[in-house]
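Here is the structure we will look at, set down as structure tokens.
The values are calculated or read from the model by the stated rules, or taken from the named source; none is laboratory data. Note that this is a predicted model, so its numbers are computed, not measured. Cβ placement follows ideal geometry from the backbone for every residue including glycine, while neighbour counts extend to all protein chains displayed. SASA here: full protein model, heavy atoms, side chains in, ligands and nucleic acids out. Shrake-Rupley method; radii C 1.70, N 1.55, O 1.52, S 1.80 Å.
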Amino acid sequence: MADTTTTASAAAASPANASTDAPPFQLGKPRFQQTSFYGRLRHFLDIIDPRTLFVTERRLREAVQLLEDYKHGTLRPGVTNEQLWGAQKIKQAILHPDTNEKIFMPFRMSGYIPFGTPIVVGLLLPNQTLASTVFWQWLNQSHNACVNYANRNATKPSPASKFIQGYLGAVISAVSIAVGLNVLVQKANKFTPATRLLVQRFVPFPAVASANICNVVLMRYGELEEGIDVLDADGNLVGSSKIAARHDSSLAGTPAPTPACAEPRVPGSLRPGPATGHQPFPADVRDRNLPVGA
């Protein structure tokens with residue numbers, strides 16, 4: 001039985017970094033220090049690691065069980081920090097933190113490179129026709145919308161109409177801006193052919209960035225109106241905060257022409273800045289005089 005447990009723990013840790021000087025494990029916390037740029041860089045590289053796409057169902061169950069054993073204090077002696085970090089990496093890469101359900105592979109953050117790169121290449125193809133421009137902008141925003149929905153904050157139910165509004169708004173804005181800019185460039189008589197081609201290469205950037213902002217605002221409008229749940233250090237619900245919703249939306253809506261820039265799910269482990277120590281509650285939660293501690 002001990003050999004089986006050891007094998008399960010090793011299997012769960014295999015996608016993790018091969019470093020042998022792993023820091024002490026902290027459940028739900030980032031493995032790398034978030035107080036430095038290098039630490040945040042390693043953290044996000046860990047999140048988009050495409051190797052977790054190949055984790056089997058059995059290995060996922062083993063990883064989840066290892067974390068449950070740690071949480072309940074029943075962890076078998078001999079399990080290393082490296083194995084625990086590897087198990088947490090697998091769970092966070094595959095399972096939604098709110099619903100605990102598996103995220104469809106193309107819409108996981110670890111699928112960013114293999115599934116997002118072909119779309120980016122298509123957006124930057126030279127000498128595109130009107131049809132190809134519309135197609136690649138539509139495909140990109142369709143992928144964005146699905147990523148947004150799959151990784152949404154699911155602490156509160158969200159109607160399908162919000163998803164549809166965000167999707168249509170993003171597609172319409174992206175296609176309109178891309179087509180409009182292409183038409184303007186074509187009509188610019190002062191540009192040489194070489195300059196016109198160079199400018200056209202940059203058209204997808206403002207189109208996708210503005211569409212992603214539109215996508216975030218429309219899809220998260222319900223959260224901005226009603227707030228999102230706020231938890232204390234022990235995972236207990238202490239209230240609902242509109243301030244926290246605005247903060248997370250501002251982080252998620254930073255303009256960048258990539259499928260991940262409109263990511264609406266921003267759990268504590270993904271937020272920039274220090275991930276440990278005292279984190280004050282938003283003012284609209286503190287003002288309720290709830291017993292949330294000092």
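Some points to look at:
- Residue list for the range 58-80, restricted to those being open to solvent by 60 Å² or more (accessible area, probe 1.4 Å) and under 12 Å from residue 26 (Cα atoms): 70, 71
- Within the range 82-97, the presence of at least one residue that is at pLDDT below 90 and either within 21 Å of residue 29 (Cα to Cα) or open to solvent by 20 Å² or more (accessible area, probe 1.4 Å) (or both) is confirmed.
- Qualifying residues in the range 168-191 (those that are in contact with a Ser or Thr (Cβ under 7 Å, 6 or more places away or on another chain) and not hydrophobic (A, V, I, L, M, F, W, C)) - the one nearest to residue 132 (Cα to Cα): 182
Okay, residues lined up against (1) of a type in the set (Val, Ile, Thr); (2) open to solvent by 60 Å² or more (accessible area, probe 1.4 Å); (3) modelled with pLDDT of 50 or more:
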position: 5; (1), (2), (3): yes, no, no
position: 12; (1), (2), (3): no, no, no
position: 19; (1), (2), (3): no, no, no
position: 27; (1), (2), (3): no, yes, yes
position: 40; (1), (2), (3): no, yes, yes
position: 45; (1), (2), (3): no, yes, yes
